[in-house]
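Only the coordinates and a few stated rules stand behind these numbers; no lab work does. Since the model is a prediction, treat every value here as computed from it, not as a measurement. Cβ sites come from the backbone with ideal geometry, for glycine too, and all protein chains shown count toward neighbours.
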């Protein structure tokens, strides 16, 4: 089930630059882009806490069933150091380019355990904010 226009508008109240990338003819939102404020997240302790904006792209057409892939469009792949972001080794179906993507860790399993009513666009963006706002040095992504 895609995201309703009302749910999208509610999420926009917290994520001001949230935009619709794709939608169905009935208005349901199927893909979004948002800027998430995070940290550099580098293994390098001197750069790790530096604030950084990430432009995240996601297909939210099946948001209630599974945690979507959070593709990183900005910064460029060669500039991403965050330990919780996989290198650009997979092709994003929305851009047809290889992009880095967020390592959700155990959050993907936790997402499906939540009640469907709690698997909202705002919850997805909040989770992306938490992952990109911290550095899990034990992450398998880098």
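For the reader, a short list of remarks on this structure follows.
- Whether the stretch 5-132 is rounded, prolate or oblate, judged on the alpha carbon gyration tensor where a/c under 1.5 counts as rounded: prolate
- Descending by average beta-carbon neighbour count within 10 Å, the peptides 73-83, 9-19 line up as 73-83, 9-19, the highest first.
- The chain: angle of helix 121-132 to the longest principal axis, Cα-based, in degrees nearest 10: 0
- Sorting 32, 45 by the number of Cβ atoms found within 10 Å of their own Cβ, with the fewest placed first, yields 45, 32.
- Largest GNM mean-square fluctuation among 102, 36, 20, using the chain with Cα springs under 10 Å: 20.
- Gain on full stretching of the segment that runs from residue 91 to residue 112 - 0.36 nm per residue minus C-alpha separation: 5.2 nm
- Counting only DSSP H runs of at least 4 residues, each contributing -39500 (n - 2.57), and dividing by the residue count of the chain, the helix-based mean residue ellipticity at 222 nm comes to -5500 deg cm²/dmol.
- Mean Cα-pair separation over length for the chain, i.e. relative contact order, pairs under 8 Å, 6 or more apart, %: 25
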